[in-house]
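Here the structure is laid out as C-alpha cells; the discussion comes afterwards.
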Amino acid sequence: MKVIVCKDYDDMSKKASELVISNMIEKPQIKFGFATGSSPIGLYKNLIAAQKEGEISFKYAKSVNLDEYVGIDKANEQSYSYFMDENLFDHVNINKENTHLPYAPENDEKYAIEYRKILDDFGQRDIQILGLGPNGHIAFNEPADKLNRRASIIKLTDSTIEANSRFFENEDEVPKYALSMGVEEVFDAKTLIVLASGKSKHEAVKRLLNDDTISTELPCSLLNLHPNVYLFVDEEAYNG
Ligand code: GLP
C-alpha cells in the first residue's frame with residue numbers, strides 16, 4: 001500500500017485528484033468505481049474544475065457506484081444517486097447512460113442480484129474510489145465475522161447509522177439497510193484510491209496500517225491484500 005500523508009482535507013483532495021487526472025489523460029475510456037460520503041467531495045470538485053480547464057473529459061468515461069440506501073427514492077436528496085448528480089455528474093460531460101448505481105426500493109435480495117449482473121457486464125474498473133467508515137467499513141461492508149463476496153443487502157450497524165445521521169434530520173430517518181458491493185467486487189479494480197480525513201478515521205487508519213492481522217471485523221484491513229492501493233490520509237486521520 002502506498003501511503004500519502006497530506007496536510008489536510010484540501011491537500012488530500014488535491015493529491016488524489018492529480019492521480020485520477022493523470023489516469024484519465026492516459027485512458028479517456030476509463031472505468032470508474034465511485035464512492036459517496038464527505039471524503040470524495042473535494043476530489044470530485046477538483047475533477048469538475050479540471051474538466052472546465054479542458055485538462056480532462058468524461059466523454060468516454062463509465063462508472064459504477066459502491067452502494068445505496070435501501071428504500072430511498074433516487075430523487076430523494078439523501079440518496080446516493082442524488083449525491084452523484086449534485087457532486088459530479090451534473091457538472092461534467094459524462095453520459096448518464098454510462099453511469100450505474102445500485103437501487104433497492106425495498107428490502108429484497110433480488111435487487112442485489114440485479115446489481116451483480118450490472119457489475120459483471122461492466123467489467124473491471126480502472127480506479128475504485130473508496131472512503132472508510134469510522135468503524136473500518138468499506139462500501140457498506142460492516143465489521144462482522146463473515147463478509148459478502150458479492151453485492152448484497154446489508155443491515156447497518158448502530159455506529160454507521162449514528163455516523164451517517166449527520167446527513168439526515170435525525171437518527172430515526174437514517175435507513176437501516178443498504179445495498180452494497182461485496183468485498184470481492186470492491187477489490188476487482190486495478191487501482192484502489194482510499195481517502196481518509198479527520199480524527200474520526202484515525203482508529204481505522206491506525207489499525208489498517210499497524211495491525212499484524214487481517215480481519216473481517218475490520219473490513220478495511222483487507223486492503224492490505226490488494227496489490228495496488230493508494231491511501232491518501234490527512235494528518236488528523238494519520239496522527240489522531
Ligand atoms: C458511508 C458509505 C461509504 C463511505 C463511508 C465514509 O457510510 N457507505 O461508502 O465511504 O461511509 O463516509 P464519509 O466519507 O462521509 O466519512
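The values are calculated or read from the model by the stated rules, or taken from the named source; none is laboratory data. Please read these numbers as outputs of a predicted model, since none were measured by experiment. Ideal geometry is used to build each Cβ from the backbone, glycine not excepted, and the neighbour counts take in all protein chains shown. The area values use the complete protein model at the heavy-atom level, side chains included, leaving out ligands, DNA and RNA. Shrake-Rupley method; radii C 1.70, N 1.55, O 1.52, S 1.80 Å.
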Of Ile113, Met84, Asn135, whose Cα points farthest to the positive end of the dipole of the stretch 42-136 (charges on the beta-carbon: +1 Lys, Arg; -1 Asp, Glu; origin at the Cα centre)? Met84
Antiparallel DSSP beta bridges within the chain, percent to nearest 5: 25 percent
Largest first, how would His91, His100, His137 line up by accessible area (1.4 Å probe)? His91, His100, His137
Accessible area per residue in Å² at 1.4 Å probe, computed on the chain: 47 Å²
Calculate the translational D of the chain in whole µm² s⁻¹ from Stokes-Einstein, where the hydrodynamic radius comes from the Kirkwood formula applied to all Cα pairs, the temperature is 37 °C and the viscosity 0.692 mPa s. 184 µm²/s
Pair Glu114, Ser200: separation of 7 Å Cα→Cβ label points (nm): 3.0 nm
Trypsin sites (Lys or Arg not before Pro), restricted to the stretch 91-150: which are DSSP loop and have at most 16 other Cβ atoms within 10 Å? Lys146, Arg149, Arg150
Report the charge-dipole magnitude of the stretch 147-209 in Debye, nearest 20, computed about the Cα centre from +1 at each Lys and Arg Cβ and -1 at each Asp and Glu Cβ. 400 debye
Just need the relative contact order of the stretch 104-240 here, percent rounded to a whole number, with Cα pairs under 8 Å and 6+ apart. 30 percent
What's the extension gain from Asn107 to Lys45 if we count 0.36 nm per residue and subtract their Cα-Cα distance? 19.0 nm
